[in-house]
Every structure is written in structure tokens, then in C-alpha cells.
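The values are calculated or read from the model by the stated rules, or taken from the named source; none is laboratory data. The model shown is predicted, which means the values in this text are computed figures rather than measured ones. Counting neighbours? That spans all protein chains shown, and the Cβs are built from the backbone with ideal geometry, glycine included. Surface areas here come from the heavy atoms of the whole protein model, side chains and all, with no ligands, DNA or RNA. Shrake-Rupley method; radii C 1.70, N 1.55, O 1.52, S 1.80 Å.
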Amino acid sequence: MRDILRKEMKLSASMITYLFIPFGLLFLVPGYPVLCSAFFVCLGIFQSFQNACEANDIVFSVLLPIAKKDVVKGKYIFVCLIEASGFLFMILSVFIRMTVFRESAVYRANALMNANLFALANACIIFGLFNLLFVGGFFRTAYKFARPFVSFIAGAFAVIVIAETLHHVPGLEMLNAFGFEHFAFQVSLLAGGIIISALITFCSYRKACDHFERIDL
Amino acid sequence: MTIAEVRNLVKRYPGFTLNNVSFQLESGRITGFIGRNGAGKTTTIKAMLNMIHTDSGSVYYSGRPLEENEADIKKQIGYSSGTISWYPRRKIRDIVEIVRAFYDTWDEEAYAKYRELFAIDESKTPNELSEGMKVKVNLMLALSHHAKLLILDEPTSGLDPFSRNELLEIFEEVKNEGVSIFFSTHIISDIEKCADDIIYISKGSILAAMEKEVFIQTYSKEGESLEDTMLRLEGGDHHA
């Protein structure tokens with residue numbers, strides 16, 4: 001598995017994928033829809049798939065002495081690794097906002113959602129949707145990537161709109177907690193987001209293996 | 001000894017059927033797989049590499065079914081296509097570095113030998129190589145992990161006559177080292193020059209699979225070249 005991951009990182013990946021990882025730091029920008037940073041990380045990964053298609057990467061991988069499902073596994077591990085890297089930047093940004101800038105007026109006066117653990121949970125769900133709609137959709141054909149990406153865009157922006165709106169609903173203000181307010185509640189939201197994302201990704205991976213085994217290249 | 005055997009492959013597409021294709025490849029020989037464009041050569045090769053799913057039939061390598069031993073069997077196969085190149089913007093050196101990790105049979109000495117023999121500049125990218133050089137890079141990769149069988153899909157298509165000739169001479173050298181070659185082509189002179197055996201496919205069906213000399217004796221009329229014979233057969237006249 002280490003070899004196929006090295007192949008993904010060194011041959012299949014586009015440089016743009018790596019350059020877009022620090023977009024996780026958009027979580028620090030005040031007055032900005034912070035969940036767009038998760039979208040940008042996914043946009044970077046999309047470039048690698050585009051790159052891989054141009055380079056006949058899938059056929060090359062299938063000809064290597066590995067099982068076909070390992071080709072799928074390699075792609076999913078690579079995608080999750082990039083998402084996790086972007087997520088680390090988001091965690092760092094949230095930590096800074098929860099501690100150093102917890103009383104900062106510019107963040108407090110923000111009409112958009114705060115970059116807190118709930119935002120991280122939503123970022124996880126956006127990553128899960130990317131894995132489900134885009135990566136899973138790609139492996140239905142192993143060459144069409146435009147339609148799966150459009151599906152992901154629709155899904156991601158639905159999550160962003162809902163997440164940005166929820167904290168304005170009376171009774172749900174604690175979703176927009178600052179600093180360590182409602183900490184246990186916020187942690188449970190984050191845990192929920194991670195679990196949902198992991199489950200979606202696992203189901204998508206299983207289905208992608210199944211599809212990839214059946215398609216003709 | 002039989003190195004590969006294709007048994008009763010059937011693959012149905014709308015408008016085309018690969019119809020009960022069967023043949024054997026003998027070790028240490030060059031087999032030319034000839035047929036016109038759309039005859040089913042690439043479909044057969046893809047089935048031999050498990051890249052497509054056939055409706056029925058099976059492929060065996062050294063008596064072992066491909067389906068159950070895919071990863072292991074692929075270590076013994078090298079593949080190249082005259083129409084596909086991998087990672088056009090990556091340096092050959094970087095591609096080699098990744099590929100070698102997948103093969104426990106990778107031989108650095110063999111790699112250095114074939115790199116020199118084929119005059120491959122590792123610092124170039126496939127984009128910077130001619131079509132003939134791209135095929136040579138694939139041959140170098142396959143021979144460096146001691147592939148026993150090279151499956152080549154139209155390796156000479158798009159090459160000028162000089163490069164084609166050079167490549168066919170390389171096939172001979174590779175064969176002399178005990179490697180079997182199975183190559184598809186629609187260029188009859190390639191078969192005439194270097195094939196030991198001929199497999200002739202037309203409209204998805206194998207019409208002949210035999211030694212080249214036997215093929216000529218069976219199908220050629222007196223004074224007829226192999227090219228004339230193939231053209232006549234393709235026209236529907238199967239009598240010598």
C-alpha cells in the first residue's frame with residue numbers, strides 16, 4: 001500500500017493539490033464563509049484527478065502487479081491524506097480563534113458563522129461528500145470527472161448554506177459558540193461530523209471498489 | 001511450453017462481438033496478432049490484461065488462471081501500447097523510481113543495460129520522446145523486472161519505417177534472451193519480418209493461429225506475398 005500511495009503522491013498528483021492545502025487557513029479570515037476553505041482543498045484534489053486522467057494514470061495503475069481494489073484504495077488514502085492535511089490547518093486556525101482571538105471584536109461582530117468546532121464538523125462533512133459524490137462518482141467510469149464534481153459542488157454549497165444559516169435560527173445560537181463556550185456540545189458536534197464523514201467515506205470506498213471491478217477500461 | 005492461453009473469450013458490445021476467441025502463445029517466440037482496424041485486437045489484449053470484463057472465457061498464464069493470480073501474473077508481463085503514453089510531463093527517472101518499488105524481481109543491472117541499449121535519457125519526459133522511444137521505455141521497464149511475456153498493442157503504429165525496423169530488430173534481441181513477445185499490428189510487413197507465429201483475427205473471430213511458415217503454406221497461393229495473402233483473406237477468399 002505504501003508503494004501505491006507513493007505513486008499517487010509523486011506521479012498522479014498535481015502540484016496544485018499540495019498548494020491548496022493551506023487554504024485551511026481561510027478559517028482565520030474574518031467575515032469570510034469559512035467552510036469554503038474545505039471546498040478549496042477539495043478543488044485542489046480535483047486537479048489531481050484531472051491530471052491523472054490526462055496521464056492515463058488509471059490504466060497504468062491497473063497494469064501494476066496489484067489488485068484492482070488497491071488502485072481504488074490508493075486514491076482514497078491519497079484523498080483522505082490531503083483532506084486531513086487541510087483539516088490540520090483548519091484545526092490550527094480554530095485553536096487560534098478560540099484562544100488568542102477569543103475576544104477579538106472583528107470575529108465577535110462577524111455575521112457569518114464562527115470558525116469553531118461546529119465549523120470543523122461541517123468541514124468534515126464536506127470532505128465526506130467529496131469522497132462520496134466526486135471520488136465515488138469518478139470510479140463509476142474511471143474517466144468521467146466533471147459530472148461528479150458538479151454534484152459535489154451542489155452538495156458542498158448546500159452544506160455551507162445550511163451551516164451558515166442554522167446559528168441564526170432561534171435556539172441554535174450555541175452552534176456559533178466563541179472560545180470554549182458550550183465546549184462539550186461543540187466537541188460532540190465535531191465528533192459527530194468526523195464519524196459521519198468516516199462512515200460516508202468507507203461506504204463510498206466499498207462501492208467504488210465494486211464499480212471499478214466491474215467497469216471496462 | 002505454453003506461456004499464455006486464451007480460452008473461448010466472448011465480449012459483446014453494441015455492434016461488435018469478440019467471438020469465442022482462443023489461442024495459445026508459446027514461450028520464447030514472437031507471435032504477431034494481425035487484423036484490420038476494429039477486428040478485435042485491442043479488445044482481446046485488454047481481456048488478456050483483465051482491463052475489460054468478458055461475457056465468458058478465461059485467460060491462463062503458465063497454466064494459472066489470470067482471475068485468481070492477477071497481481072502475481074502481472075509481475076511476469078510487460079505491456080506497451082503505441083497509442084498510450086504514461087505521465088507525459090514526468091521525468092522517466094521519476095516514473096522508473098516508482099515502478100521499481102512494485103517488483104521484487106526488479107534488476108538494476110538489467111535496467112542499466114536496457115537503458116544504455118535503447119539510448120534512453122532518464123531526464124526526459126515522455127512528452128519529449130518520439131513514439132518509438134516511448135515504446136522502448138515501456139520495453140525497458142518490462143525487461144528490467146524480467147517480464148517473461150511482452151504484450152504489445154500496435155507498438156509500431158505511428159513509427160517511420162526506420163524506427164519500425166529498429167524496433168523489430170529489438171524484438172529479435174529480446175526473444176533471444178528467452179522473452180516471448182505477443183504484438184498486435186495491422187502492418188503485414190512487421191509480421192513478415194519478425195513473427196514466428198501468426199494469429200489472424202477478423203470481425204472478432206480468430207481465423208488462423210499457427211506458425212508463420214505453416215500459415216503461408218496453408219493460405220498463400222504460389223508467388224503471392226504474405227501481404228497479398230492477407231488482403232485476399234480479408235476480402236473473403238480463404239482458399240489457397
Filtering the stretch A:63-91 down to residues that are in contact with a helix residue (DSSP H, G or I) (Cβ under 6 Å, 6 or more places away or on another chain), in contact (Cβ under 8 Å) with a residue 12 or more places away in the chain, of a type in the set (A, V, I, L, M, F, W, C) and surrounded by fewer than 20 Cβ atoms within 10 Å (Cβ to Cβ) yields A:ILE77, A:PHE89
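Mind telling me which of the residues B:LEU141, B:LEU152 ends up being open to solvent by less than 10 Å² (accessible area, probe 1.4 Å) and either part of a helix (DSSP H, G or I) or among the hydrophobic types (A, V, I, L, M, F, W, C) (or both)?
One residue alone meets the criteria, B:LEU152.
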### Message
Tell me whether the stretch B:202-217 contains one or more residues that are surrounded by fewer than 17 Cβ atoms within 10 Å (Cβ to Cβ) and within 29 Å of B:PRO88 (Cβ to Cβ).
### Response
no
Only one of (1) over 29 Å from B:LYS11 (Cα atoms); (2) open to solvent by less than 70 Å² (accessible area, probe 1.4 Å) does not apply to B:GLU166, and that is (2)
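Taking the condition of being assigned to a helix (DSSP H, G or I), surrounded by 15 or more Cβ atoms within 10 Å (Cβ to Cβ) and not polar (S, T, N, Q), how many residues in the stretch A:164-195 meet it?
Number of matching residues: 7.
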For the stretch A:10-46, the count of residues that are within 14 Å of chain B (Cβ to nearest Cβ) and buried (at least 18 other Cβ atoms within 10 Å of the Cβ) equals 4
